[in-house]
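One structure is given here, and the rest of the page talks about it.
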């Protein structure tokens, strides 16, 4: 796979960078966070107008017809700018889920709403005991006598739910809690009877909520595709979202390094800039190495997605484990290079660290993905030795 950007990809990267540098300054972000909600519908509509919400959606379904590579290009710039609006969780993730699971006609209608930015969709998939396992679903979907579906259960960390117009709820129509068969996706209005949102702002200011479903009635027409057969599409959509998150973390790291480098050039101690101190130069070099390792694993994950490899999900786990580990090191070092002041609200580098903590928690944390990847490496070693 050629990771030299094409002319179209470079134009996408440069347009995203220019827009965010001009219209999404750190001051704008702080003001948005201080007003509560951490979300601007005007900004979201602009994302839709620029095509970002449908980058990887096929053009016949209203998107730009690109791939996960282009989604990663936009996500990296989102990370650099510390955008509060959940681009991955309310853009990339639901669009991929609908593309892969929806029926003909249904896909066009829902994707049209997502891609335009007119309707905000959030995905309710994670649960307390899932620990990153996509197939672990205890929320239930039971067929009623009149042919509708009744949803009951509890979903956690539904990013974007407080501002969402629609929810894509993952629930179990059949089978045991950890079975891959029997999983369905249901379109739910967050204002309908039986839906309770326990809203909160995450550590970085992103809007989120836990979701209680108590006898929520969903018509058959609002079942995404066929109930009970959504696992493969859900897993593929999760994989695409995780790769985009990794790209966002790479953007976080790159900006944190630039912020630290600029600070070292201006901060003086003992009459000289602290950037002249060799020990701090070594720290900067270590940060750059970690960022390069993260980008290399991101490239491998993108290759795995593009080729739809058999062990795609496990390779993506390895990518998330590496990028979150690298982001932790880079952002922590960035704070330290600011003399510890970087953790305060007025310094952008501290917000990169908080964002890393939030992204680490999504779709399973570092420990989960590292253990999953390690098990695969051990299995491959045993097979090779046999």
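When a footprinting reagent is the concern and you count Cβ atoms within 10 Å, what order do 149, 52, 44 take, fewest first?
Listing 149, 52, 44 from fewest to most nearby Cβ atoms yields 149, 44, 52.
So between residue 226 and residue 382, what do we pick up on full extension, going 0.36 nm a residue minus the alpha carbon distance?
52.3 nm
Hey, how many Å between the Cα centroid of the stretch 106-178 and the Cα centroid of the stretch 335-386?
26 Å
If you take the square roots of the eigenvalues of the alpha-carbon gyration tensor of the stretch 184-242 and sort them as a ≥ b ≥ c, do you get rounded (a/c under 1.5), prolate (a/b over b/c) or oblate?
It comes out oblate by the Cα gyration axes.
Rank these for me by crowding, 320, 142, going from fewest to most other beta carbons within 10 Å.
Going from sparsest to densest Cβ surroundings: 142, 320.
For the residue pair residue 279 and residue 148, what label-to-label distance in nm results when each label sits 7 Å from Cα along the Cα-to-beta-carbon direction?
Between residue 279 and residue 148, the simple spin-label model gives 6.8 nm.
Which of 19, 186 comes first, and how do the rest follow, when ranked by fewest Cβ neighbours within 10 Å?
In increasing order of surrounding Cβ atoms, one gets 19, 186.
Return a whole-number percent for the relative contact order of the chain, with Cα pairs under 8 Å and 6 or more residues apart as the contact set.
Relative contact order for the chain comes out at 16 percent.
Report for the chain the percent antiparallel among DSSP-assigned beta bridges with both residues inside it, nearest 5.
Antiparallel bridges: around 80 percent, rounded to the nearest 5.
Relative to the longest principal axis of the chain, what angle (0 to 90°, nearest 10) does the C-alpha long axis of helix 7-23 take?
Value to nearest ten degrees: 80.
Is the shape of the stretch 7-119 best called rounded, prolate or oblate, per the rule: a/c under 1.5 gives rounded, else a/b larger than b/c gives prolate, else oblate, with a ≥ b ≥ c the square roots of the Cα gyration tensor eigenvalues?
Oblate, since a/c reaches 1.5 and b/c is not below a/b.
In nm, give the distance between the simple-model label positions of residue 267 and residue 49, each being 7 Å from the Cα along the Cα-to-Cβ direction.
4.0 nm
Read-outs: derived from the displayed coordinates by stated rules, not from any lab. On a predicted model such as this, the values are computed, not experimentally measured, just so you know. No Cβ is skipped: glycine too gets one built from the backbone with ideal geometry, and neighbour counts run over all protein chains shown.
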